[in-house]
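To start, the structure under review is shown below, and the notes come after it.
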Amino acid sequence: MTRSEIFESFRSEEFFQVVGNRRSIRRYKEIDIPQEDIAKILEAARLAPSTNNTQPWKYIVVKEQATKDLLTLVAGNQRFIADANTIIVAIADKQASCCPGNPSQWHILDTMIATEHVVLAATALGYGSCWIAMLDSRNTENVKEVKNALRIPEAASIVALVLLGVPDESPSPISRKTLEEIAFHEAYGLALGG
Ligand SMILES: Cc1cc2nc3c(=O)[nH]c(=O)nc-3n(C[C@H](O)[C@H](O)[C@H](O)COP(=O)(O)O)c2cc1C
């Protein structure tokens, strides 16, 4: 699948619709996401920027209920996790590196960026999603169990889960800071203006 095939009919206003329509979805219909859509969603991650183009991310697509139940347990037992049709496990590989003997310092950050591509691509295809942060720096026994079950190498960290499914809810509007609160002109605190 080439970049142009995916994006050939894409217009900028559609991008802003995707960004504006994305919400965290925590109720899903029992409808399967076809493999070709999963592949498109992960293609968006593949194209993400990364430090020195190290591309330190790996993704595991989970559909098995037993594995979803295990992931739910590790992620604070948030019950809706197990109801998602698909869980994408986002993994950052510290060994991915531009230079021999110099493991990545930025693997987690890079993987988070690529994972937001996953979320936006899912939104563009009409699916609901929800980030679940699962930094395995907590190093609990449960995380070890997940890493064993999914055969994730020692040097790789699970940085997040992304739940995917057909939405079965429309969340009410949620507040956001104003542009003036988060963006400045030339120096911190100076009004952006028009
Ligand atoms: C890194 C990250 C971790 C998150 N972890 C969770 C989580 O564990 N459980 C959950 O219900 N939502 C989680 N969320 C979703 C946030 O609660 C949500 O993005 C935020 O409240 C704004 O709502 P919106 O996504 O609908 O715009 C997470 C979001 C991010 C970006």
**Message:** Yes or no: region 30-47 includes at least one residue that is of a type in the set (Gly, Ala, Ser), at negative phi, surrounded by fewer than 16 Cβ atoms within 10 Å (Cβ to Cβ) and in contact with a strand residue (DSSP E or B) (Cβ under 6 Å, 6 or more places away or on another chain).
**Reply:** no
**Request:** Specify the residue that is nearest to the ligand (Cβ to nearest atom); the eligible residues are those in region 80-113 that are crowded, with 23+ Cβ neighbours inside 10 Å and part of a helix (DSSP H, G or I).
**Result:** THR111
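A quick yes/no check of all residues on (1) more than 18 Å from ILE152 (Cα to Cα); (2) charged (D, E, K, R):
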{"position": "PRO49", "(1), (2)": "yes, no"}
{"position": "ASP69", "(1), (2)": "no, yes"}
{"position": "GLY76", "(1), (2)": "yes, no"}
{"position": "GLN95", "(1), (2)": "no, no"}
**Request:** Just give me the residues in region 63-77 being surrounded by 15 or more Cβ atoms within 10 Å (Cβ to Cβ), closer than 22 Å to GLU169 by Cα and within 13 Å of the ligand (Cβ to nearest atom), in sequence order.
**Result:** THR72, ALA75
**Request:** Return a yes/no flag: does region 165-180 have any residue that is touching a Ser or Thr at 6+ places or on another chain (Cβ under 6 Å), of a type outside the set (Ser, Thr, Tyr) and within 12 Å of the ligand (Cβ to nearest atom).
**Result:** no
**Prompt:** Which pairs do you get when a residue that is in contact (Cβ under 8 Å) with a residue 40 or more places away in the chain, found in region 161-172, comes within reach of a residue that is surrounded by fewer than 22 Cβ atoms within 10 Å (Cβ to Cβ) and charged (D, E, K, R), reach meaning Cβ atoms under 6 angstrom, with the pair 6+ apart or on two chains?
**Reply:** VAL166/LYS29; ASP168/ARG27; ASP168/LYS29; GLU169/ARG27; PRO171/ARG23
**Asked** Among (1) more than 14 Å from the ligand (Cβ to nearest atom); (2) at pLDDT 95 or above; (3) more than 19 Å from the chain's Cα centre (by Cα), where does GLY194 come up short?
**Response** (2)
**Request:** Name, by its number, the condition in (1) crowded, with 17+ Cβ neighbours inside 10 Å; (2) within 23 Å of ASN53 (Cα to Cα) that does not hold for ALA122.
**Result:** (2)
**Prompt:** What number goes with the only condition from (1) within 18 Å of VAL146 (Cα to Cα); (2) modelled with pLDDT of 95 or more that THR111 does not pass?
**Reply:** (1)
**Request:** Looking for whichever is more than 16 Å from the ligand (Cβ to nearest atom) and of a type in the set (Lys, Arg) here; the options are ARG22, ARG11. Which one fits?
**Result:** ARG11
**Request:** Mind listing whichever residues of region 67-79 are in contact (Cβ under 8 Å) with a residue 60 or more places away in the chain and assigned to a loop (DSSP other than H, G, I, E, B)?
**Result:** ALA75
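The values are calculated or read from the model by the stated rules, or taken from the named source; none is laboratory data. What you see is a predicted model; the values in this text were computed from it and never measured. Using ideal geometry, Cβ is built from the backbone for each residue, glycine included, and neighbour counts are taken over all protein chains shown.
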